[in-house]
Amino acid sequence: MRDGFIRRALKRIALLFFQVNLRASRAVARFRGDKPFRLGGACRGCGKCCESPGIQVGRLVWYLPTLRNAFLAWHRHVNGFELIDRDIRHRVFIFKCHHFDWETRRCDSYDTRPGMCRDYPRNQLWQPNPTFLEGCGYKAIHPNASKFLESLKEEGLEGEALEKVKEKLNLLE
């Protein structure tokens, strides 16, 4: 399913709003003193992030049927996302993307993909304990990883114990 002219235009406008909101919210977070993890590794092209994208929503969208239906209709008609499941505990809608080609493991509308697709995996870096999909080539590196490693080495932690701590605390470079 490739995007037509109108859908491409709508996606460009939505992307602009998404990027402005994202930059503003991250600037506010940095101003408050929040530090995101750093991104390490590289994309392996596995396509797992595209198989069933999930979007966490606020309480208003989750509980108000009118807002929820508008949200789902937008994603169905504009982004090509079909609702397949819900994670009630985390208020996440899980979708099937019609732009994802299961044979090639690629997006057929990559240049007009939604902002959330463009932002993965950077969106994970603002979580308290970022995790990536199994097999993903990306990894999160703690913002103070080098200082932690220096302290651990000064305390004499070595070998297998050091490697376990590095992995658990996202200190791997």
- Would you pick out the residues in the range 130-145 that are exposed (fewer than 13 other Cβ atoms within 10 Å of the Cβ) and farther than 15 Å from Pro36 by Cα? Glu134, Gly135
- Search result, residues across the range 83-101 that are surrounded by fewer than 17 Cβ atoms within 10 Å (Cβ to Cβ) and in contact with a Gly (Cβ under 8 Å, 6 or more places away or on another chain): Asp87, Arg91, Val92, Ile94, His98
- Message: Give me the residue from the range 146-173 that is free of Cβ contacts under 8 Å to residues at least 12 places away in the same chain and of a type in the set (Lys, Arg) and, out of that set, surrounded by the fewest Cβ atoms within 10 Å (Cβ to Cβ).
- Response: Lys168
- For the range 68-75, indicate whether the set of residues that are over 30 Å from Gly135 (Cα atoms) and surrounded by 15 or more Cβ atoms within 10 Å (Cβ to Cβ) is non-empty. yes
- For the range 16-27, name all the residues that are closer than 19 Å to Gln124 by Cβ and either among the hydrophobic types (A, V, I, L, M, F, W, C) or in contact with a Pro (Cβ under 7 Å, 6 or more places away or on another chain) (or both). Phe18, Leu22, Ala27
- Output for Cβ contacts, cut-off 7 Å, separation at least six or different chains, first residue under 15 Å from Ile13 (Cα atoms) in the range 70-85, second part of a helix (DSSP H, G or I) and among the basic types (Lys, Arg), reads Val78/Arg7; Val78/Lys11
- For the range 1-49, enumerate the residues that are closer than 17 Å to Gly80 by Cβ, among the aliphatic types (A, V, I, L, M) and either surrounded by 13 or more Cβ atoms within 10 Å (Cβ to Cβ) or touching a Lys or Arg at 6+ places or on another chain (Cβ under 8 Å) (or both). Leu10, Ala14, Leu15
- Does Arg113 satisfy being touching a strand residue (DSSP E or B) at 6+ places or on another chain (Cβ under 8 Å) and farther than 22 Å from Arg23 by Cα? no
- Task: Would you check if there is a residue in the range 59-82 being touching a helix residue (DSSP H, G or I) at 6+ places or on another chain (Cβ under 9 Å) and in a strand (DSSP E or B)?
- Result: yes
- Qualifying positions in the range 1-52 - assigned to a helix (DSSP H, G or I), small (Gly, Ala, Ser) and in contact (Cβ under 8 Å) with a residue 24 or more places away in the chain: Ala14, Ala29
- Please work out which one of (1) touching a Pro at 6+ places or on another chain (Cβ under 9 Å); (2) touching a residue at least 60 places away in the same chain (Cβ under 8 Å); (3) surrounded by 18 or more Cβ atoms within 10 Å (Cβ to Cβ); (4) not hydrophobic (A, V, I, L, M, F, W, C) is the condition Arg122 fails and give its number. (3)
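No lab work stands behind these numbers, since they all come straight from the coordinates. Only a predicted model underlies this, so the values are computations on that prediction, with no experimental measurement involved. Glycine gets a Cβ as well: all are built from the backbone with ideal geometry, and neighbour counts include every protein chain shown.
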